[in-house]
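Questions regarding the structure given below will be posed in turn.
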Amino acid sequence: MRTPQLIATHTNTDFDAFAAMLAAHKLYPEAQVSLGGAVNRNVREFQALYADVIPVVDPADVDRESVRRLILVDTVHANRLGDLGDLCGRDGVQVVAFDHHAQPDELPDYLDPAALVSSNDGALVTLLVRIIAERGIPVTPFEATVFALGIHEDTGSLTFATTTPRDAEALAWCMRCGADTELLEKWLTNALTPAQRVTLAAALQTAEELPIAEASVLLSALREDQYVEGVSVVAHRVMDLTGCDAYFLVVEMEGRVFVTARSRGGRLDVAEALRAVGGGGHTAAASAVVKDRPLGEVAADVAAAAPAAVAPTRAALDVLEPGPPAVPESTQVDEAALLCRRDGVGGVGVLRDGLLIGRVALTDLERASAHGLGHAPVKAVMTTRVPLLWSATPLERAAVRLAQDEIGWLPVVATRRPQEVADEGVAVDDLLGVVSRRSVSGAPPREPAAPVTANLAGPLGELGLAELFRHVQAVAAGVRGCYLVGGAVRDLLLREPGFDVDLAVEGDGIAFAAELATRLKGHVRPHRKFGTAVVVAGDGPERLRVDVASTRAESYEYPGALPKVEHASIRSDLARRDFTINAMAVSLKPETFGDLFDYFGGREDLEARRIVVLHNLSFIEDPTRILRAIRYENRYGLRMDAHTLNLARACCAMDLVGDLSSARLRDELVSLLDEEKVDFSLRRAEELGVWPAIHGRLRVDRRTRQLVRRADELRAAHGLGGETPRWRLRLMWLLRDLDPEEIAAWAARMRIRAQDAGVLERALVVGKRLVDRIARGPSEAELYDLAAGEPSEALLAAMTLDDTGIAASRLSHFLDVTRHVRLDITGHDLRALGFAPGPRMGEVLRSVLHLKLNGVVRGRDEELTAAARMRESA
């Protein structure tokens, strides 16, 4: 079977790998999914049951010579691919990989690091679902169910230590897309087969605890006379029954040794341990198949490698926070309570002469205040016993103590003390910091204060928008934050003309816009679904437009859906943008007016004249950003840094651009081609492989650029800017290898307007025909009939393609003179001559015009005379 594109995964295929292959197929719909060899029983049964909707090919049926792209999921290693491993490194085969446990510095030679898309999520499906959702690729409820199965299996239904918030979000997205909960329950609940029950009993009987002090690790080594499917299920059951931190099941079957490993809590990296026997996987789940080695030797190697794979025990020192939050003993109760609320802490320490002499909980401060003791000193209501944590205290122990502590933080000291409580205080200098419930639970730290890197009040004052900013500041006094954002800040720093006013409000953006419109005596157009609004004020040249949006984070309820908007901080709002240079904000609140908030180094990148993506998946999630980056390079003289350039090139090489046939791609393409200068953009996009990624037959080479330059010159020379869109003229040349029918089909996919699509279909065909017809020497009237009514792009095409200069000269005269010729007589004059209203009048006027174009008649009198003769001869 010919399979130019093949999707493959590791042997012992589980639901995460299987679901990831189906998700990859959504990105590569022309590829075949390969499934064969060792496959987990539940996966094989599931695929067999739904074979009509999940077609797969057996590796044995693949015509290896036909494979040109191998798409790997959940592994990057050839030795884990079974019979397909020999495709890796073969000449003419591009290897692309999606993985969630590959180390970029340990990739095999056949895999270009730029062709690896990776994440640290618990399930690989999460990464692919994120790309699918961002691109708006439709999925069926059944596909969503398969994706959900993969996420459930590889995250232990979100319970494994490797699970990330993105796993939960991806699973929720699958449920919103219609994932079938009954199917999930059926296939996630695996009853043991009789053979598996026998293996489970043997595994429990032979389990031995490895001598590892930091974790409870079991290993079972046994032989089976026949192959037992699904030994990974057995390993899970042993984990559940014994409660161990990690478990290795080593089984000899059919002349090979199968190793399955599981762990929980991140206590032991089983993938690292199984490297000793050629295995792979991730922290919580790994496997290996070993040939030509005895059971005992393999088990011994695994046991020997396990201690080094134990994660260092995390202690209080590892999660230290600055502190403790403390006040002098004379501080009033109300003041201490205000400090607690402002800093979000459950209580404060109390200080005297460099000693921490006690603590007081916020609840006690509030009770004291309720009893009229708000002005009393905190020492009157404090607890004098100060609990302490040793820096080496394991986090599990610290968590237990914090769960019992009303305040929610404990001071940490460097050396162990005889008692865990200091009854007479402890020197502040002896404290390393504090451990809080937040740090122990792994919750993200509170968002840091915004890095204010400059004040741009001066440049803002030079924009001529003082009146607008005065009103904005007045309205901004009622919200948490109001900022000039995105491209507006970039252009402000670059001192670029054409300034757009885009505001982000930490609060109700629509209410803000309504109040601003009232102050400006304008009107507001709200878009409540997105929390955005447009304020318009004034008329004519003084017309002012202000775009207002609530700071937000976006999620997609289902593929192709409009984004679901949630309010967020300014930092979260900026983090969802494309490049660092577009992720800056300038405060417009009165007290911080002009302060530049730059979380991601955008100003530094701008000063260095570089474009940097905010995250590695930026182009894969939205390939139109590649065109935008090229446009910024062209317009501002910036350049993508090496990392961003490699990501753009890899996205094109992996064929992850062309499927984005949408209005977004159309708009970015139009914007790129509509820039005043375009030569650099055409070359850069050619260098990155953008054009064939958009359409396989788009041609942009040296000849194309020459044609574009010549047509641009002619367009300017004949003043056609108002009637010939620059982007449409240039796109005509990019499409010159396509037939009109192909152009029509592509334009429909790109959602190009019918009028523009019609011009693109006809222009070059008509242009070539004009060159041929003009070479035959038509009269001026005949040329008029040929050219009038045709799009100006067709005339410019003919002039550009003409090698003799004849057509160019004749059409230049047509554009500058002939097409503007008008008769001095009208239909009213013909009626005065006795013509009856009807088609004949139009024919006469056209004939008289031909005479005028050919120089036979001049002026009104001669036109009337010619018309009169035509009536007499009728």
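Would you check which residues across the range 781-816 are part of a helix (DSSP H, G or I), of a type in the set (Ser, Thr, Tyr) and without any contact (Cβ under 8 Å) to a residue 60 or more places away in the chain and list them?
Passing the criteria: only SER809.
Something else about it: In the range 174-206, which residue that is of a type in the set (Gly, Ala, Ser) and touching a helix residue (DSSP H, G or I) at 6+ places or on another chain (Cβ under 7 Å) is surrounded by the fewest Cβ atoms within 10 Å (Cβ to Cβ)?
Here the answer is GLY178.
Among the residues of the range 826-841, count how many are within 14 Å of ARG860 (Cβ to Cβ) and of a type outside the set (Gly, Ala, Ser).
Count: 5.
Can you name every residue in the range 736-780 that is buried (at least 19 other Cβ atoms within 10 Å of the Cβ) and touching a residue at least 40 places away in the same chain (Cβ under 8 Å)?
Correct list: LEU738, TRP746, MET750, ILE752, LEU770.
Scan the range 569-619 residue by residue and report those that are open to solvent by 30 Å² or more (accessible area, probe 1.4 Å), of a type in the set (A, V, I, L, M) and at pLDDT below 90.
Listed by number, the residues that qualify are ALA575, LEU614.
Here are the criteria: (1) within 30 Å of ASN646 (Cβ to Cβ); (2) open to solvent by 10 Å² or more (accessible area, probe 1.4 Å). Tell me which single one GLU723 does not satisfy.
Status for GLU723: all satisfied but (1).
Hey, can you tell me all the residues within the range 240-257 that are open to solvent by less than 10 Å² (accessible area, probe 1.4 Å) and in contact with a helix residue (DSSP H, G or I) (Cβ under 7 Å, 6 or more places away or on another chain)?
ALA246, TYR247, PHE248, LEU249, VAL250, VAL251, VAL257
Still on this structure, I have one more. Do you know which of the residues in the range 209-218 that are open to solvent by 20 Å² or more (accessible area, probe 1.4 Å) and hydrophobic (A, V, I, L, M, F, W, C) is nearest to SER263 (Cα to Cα)?
By that ranking, first place goes to LEU218.
How many of the residues in the range 90-119 are under 19 Å from GLN5 (Cα atoms) and touching a strand residue (DSSP E or B) at 6+ places or on another chain (Cβ under 8 Å)? Before you say what the answer is, go through the steps one by one.
Restricting attention to the range 90-119, the residues satisfying the condition of being under 19 Å from GLN5 (Cα atoms) are 90-99, 110-112, 114-117.
So of that shortlist, the ones also touching a strand residue (DSSP E or B) at 6+ places or on another chain (Cβ under 8 Å) come out as 93-99, 110-112, 115-117.
Selection size over the range 90-119: 13.
Select from the range 671-700 the residues that are out of contact with any Gly (no Cβ under 7 Å at 6 or more places or on another chain), part of a helix (DSSP H, G or I) and surrounded by 19 or more Cβ atoms within 10 Å (Cβ to Cβ) and list them in ascending order.
Residues satisfying the conditions are LEU672, LEU673, SER681, LEU682, ARG684, ALA685, LEU688, VAL690, TRP691.
I'd like to know if the range 729-737 contains one or more residues that are in contact with a Gly (Cβ under 9 Å, 6 or more places away or on another chain) and at pLDDT 95 or above. Give the steps one after another, and end with the answer.
Within the range 729-737, the subset in contact with a Gly (Cβ under 9 Å, 6 or more places away or on another chain) is 732.
Now narrow it down to the ones that are at pLDDT 95 or above: 732.
Scanning the range 729-737 turns up at least one residue that is in contact with a Gly (Cβ under 9 Å, 6 or more places away or on another chain) and at pLDDT 95 or above.
Go through (1) surrounded by fewer than 19 Cβ atoms within 10 Å (Cβ to Cβ); (2) touching a helix residue (DSSP H, G or I) at 6+ places or on another chain (Cβ under 9 Å); (3) not in a loop (DSSP other than H, G, I, E, B) for VAL289 and report which single condition fails.
So VAL289 meets the others, but not (1).
Related question: Return only the number of the condition from (1) buried (at least 24 other Cβ atoms within 10 Å of the Cβ); (2) in contact (Cβ under 8 Å) with a residue 40 or more places away in the chain that ARG130 does not satisfy.
Of the numbered conditions (1) buried (at least 24 other Cβ atoms within 10 Å of the Cβ); (2) in contact (Cβ under 8 Å) with a residue 40 or more places away in the chain, the odd one out for ARG130 is (1).
Give the residue that is modelled with the lowest pLDDT, with candidates limited to residues of the range 189-234 that are under 16 Å from ALA309 (Cβ atoms) and among the aliphatic types (A, V, I, L, M).
Per the criteria, the residue is ALA213.
Could you tell me how many of the residues in the range 81-99 are open to solvent by 20 Å² or more (accessible area, probe 1.4 Å) and touching a Gly at 6+ places or on another chain (Cβ under 9 Å)?
2
Any idea which residue in the range 593-639 is farthest from the chain's Cα centre (by Cα), counting only those that are without any contact (Cβ under 8 Å) to a residue 12 or more places away in the chain and under 30 Å from GLN473 (Cα atoms)?
GLU607
I'd like the full set of residues that are aromatic (Phe, Trp, Tyr) and surrounded by fewer than 22 Cβ atoms within 10 Å (Cβ to Cβ), limited to the range 7-45.
Scanning the range 7-45 gives a single hit, TYR28.
Another one. Which of the residues spanning the range 135-158 are surrounded by fewer than 16 Cβ atoms within 10 Å (Cβ to Cβ) and without any contact (Cβ under 8 Å) to a residue 40 or more places away in the chain?
Listed by number, the residues that qualify are THR140, PRO141, SER157, LEU158.
Same structure again: Filter the range 229-282 for residues that are assigned to a strand (DSSP E or B) and polar (S, T, N, Q) and give the result.
Passing the criteria: THR260, SER263.
Moving on to the next point. Can you tell which of ARG397, ARG385, ARG352, ARG341 is more than 19 Å from ARG437 (Cβ to Cβ), open to solvent by 70 Å² or more (accessible area, probe 1.4 Å) and modelled with pLDDT under 85?
On the way: ARG397 fails: more than 19 Å from ARG437 (Cβ to Cβ); ARG352 fails: modelled with pLDDT under 85; ARG341 fails: more than 19 Å from ARG437 (Cβ to Cβ).
Criteria check complete, one pass: ARG385.
Ok, one more. Just the residues that are open to solvent by 50 Å² or more (accessible area, probe 1.4 Å), in a helix (DSSP H, G or I) and either modelled with pLDDT of 90 or more or of a type in the set (Val, Ile, Thr) (or both), please, taken from the range 420-457.
VAL428
Out of the residues in the range 656-667 meeting the condition of being surrounded by fewer than 21 Cβ atoms within 10 Å (Cβ to Cβ) and part of a loop (DSSP other than H, G, I, E, B), tell me which one is modelled with the lowest pLDDT. I'd like the intermediate steps shown before the answer.
Initially, the range 656-667 is screened for residues surrounded by fewer than 21 Cβ atoms within 10 Å (Cβ to Cβ), giving 658-664, 666-667.
Keeping just the survivors that are part of a loop (DSSP other than H, G, I, E, B) gives 658-662.
On the way: GLY658: 60, ASP659: 55, LEU660: 53, SER661: 50, SER662: 73.
Selected residue: SER661.
The values are calculated or read from the model by the stated rules, or taken from the named source; none is laboratory data. All values reported here derive from a predicted model rather than from experimental measurement. Note that we place each Cβ from the backbone using ideal geometry, even for glycine, and neighbour counts take in every protein chain shown. To get the accessible areas, we keep the full protein, side chains included, count just its heavy atoms, and leave off ligands, DNA and RNA. Shrake-Rupley method; radii C 1.70, N 1.55, O 1.52, S 1.80 Å.
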